[in-house]
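Everything on this sheet refers to the single structure shown next.
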Amino acid sequence: MQGQQVKLNMPSPQNEIVACMPSSGPSEEKRQTKRKRISLIETSKWTLFVLLVTSLRKFEIEGQATSYFTNHIRTHHTVDITSARPEPLPNSTTTTSPSNRTHTYNDQKIVLLPGPHKSASTSVQRYLVRLATEGILPQYNWEWIGRDSSKGFSDLAQNLLYEEKVGENDRKLLMQKNVAQDKWYEGKSLVIAAEFMDYVAALSEEEARASIERLFDWLPRSTTQTNTVETVVMYRSPRASHLVSVWKQQVQFHKASSNLPWRESLDERHRPRRKFPASPTLAEWLCYGKYPQAMKYDILTILSAQLNPFGVAYTYHKYGGSDVTIVDMMGVPDSDIPSSVVCNVLRLPCTPEGKLAVNSEVVSSQENHKSETAGLGMTSDHLKEAEIILRDMDCYYYCLLGESVQVLHASDEVFAEGKNSWEKCCQRNKAKKLEQSDGKWMAQQLVQLGCRALEESLSADVLSNQVGQTGLP
């Protein structure tokens, strides 16, 4: 048979049947179509995967990858990776500090500003955003990473460090990573700030290691330098004042549903947009860890992260291998923390008074908040005890850091001995037999202090009522 149609000789023309060769039913055709569609989808998936790996490879090849956006998208042609080694940048003679330090490609670095909470973080970030927007940071070889807002890296920090949010914003993370890699291979240094990054100090060793590995894997890499990351942490004192500010921020935050990871659960009576009742006192907040009709706080996590500057520095040093710098806020001239960061950390040209020596309309501003003792539910003696507890914790981590930490504007008593002040901390805690006064220990001590303050207040009220009823003076 040469054709596809075969005429069968039958007794009657009415019974003439034309057979189509080959033959297949409608159901078989549908199955074949479905198999082809599935095969096409699987092929597309693998194609996209290969393209993604190839793109990432362009950024990860050390010393060979050039700016992907500059060489691929902007010039509309594909770069040969084997020949994409960037030309070495000539040494710059730009003055970056009063000491005439020069900034070159070889001294690139990444500065992390992880807070902690309530230590001028917002003021610093706003100042850096304005300097970036006006073009001053790029002029001196620095790049702000994140959105053009004071909370620019906050969401991404949560996606990298907070286990329950890992994977939520992979697209944004990849986009920002591309930007960071792009600027890094152009020879820029990077500054990244988000007070949420203090969260790692509250994690277990295993969790902290995993979180910081995710963050550092996200950062650009260098084959020519071993310490390209510097973690700069603010130290606020008096320490009890820091505690009061953290309490105020938590009870004034009226978005209970989004207060993660700082809350454990929502109160069953919580309703969005409903006005909150009177906030708990500091003693109630510490002891009960609740905001009535709103939420139950993860009080131990809040205290061991947001009140733990030395612990934050130690965690990034131990698990990320970064250099660490502590800025003693008490010793900063005019309490101008933003200018201190720009002058002493980023090393932009500054005046002898510690102000930016660049013609700019951008002015550093520091938000000052006075701590009030009224309504705390705690006496001055209780606050003194809280001060001692927090300093015991500070000394624990300072002793562990030892000579690996650099201190700027040292003024507080913890730095009184100068260069070897950490040794005094080791001796202090050893004398007090405090072998493990870490963040969790501190948090538990403060919770117990809050409960004791409530008990003493209740006893005083009962005694006062009894005196009133008997009429005794």
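Values quoted throughout were computed directly from the atomic coordinates according to the rules given, and no laboratory measurement underlies them. These figures come from a predicted structure and were not determined experimentally. When we count neighbours, we look across all protein chains shown, and the Cβ atoms used for this are built from the backbone with ideal geometry, even at glycine.
When you have a sec, figure out the Kirkwood radius of region 140-236 from all distinct Cα pair distances and drop it here in Å to one decimal?
Working: mean 1/r = 0.0701 Å⁻¹.
Kirkwood hydrodynamic radius for region 140-236: 14.3 Å.
Near Arg209: Cβ cut-off under 13 Å, other residues only, Lys/Arg at +1 and Asp/Glu at -1. The net charge is -4.
Around the amide H of Val407, modelled in the peptide plane, lie the amide H atoms of Ile326, all under 5 Å away and 5 or more residues distant in sequence or on another chain. When Rg and the Kirkwood Rh are both derived from Cα coordinates, the Rg/Rh ratio for region 244-338 amounts to 1.08. Extension gain for Gln249-Ser411 works out to 55.7 nm (0.36 nm per residue, less the C-alpha to C-alpha distance).
What does the charge add up to near Pro333, with Lys and Arg as +1, Asp and Glu as -1, over the other residues with Cβ less than 11 Å from its Cβ?
Values: positive: Lys355; negative: Asp334, Asp336, Glu353.
My count for the surroundings of Pro333 gives -2.
With 29 Å as the limit, the listed pairs Lys318/Lys432; Lys165/Lys384; Lys109/Lys384; Lys296/Lys424; Lys296/Lys430 have Lys165/Lys384; Lys109/Lys384; Lys296/Lys424; Lys296/Lys430 beyond it between alpha carbons.
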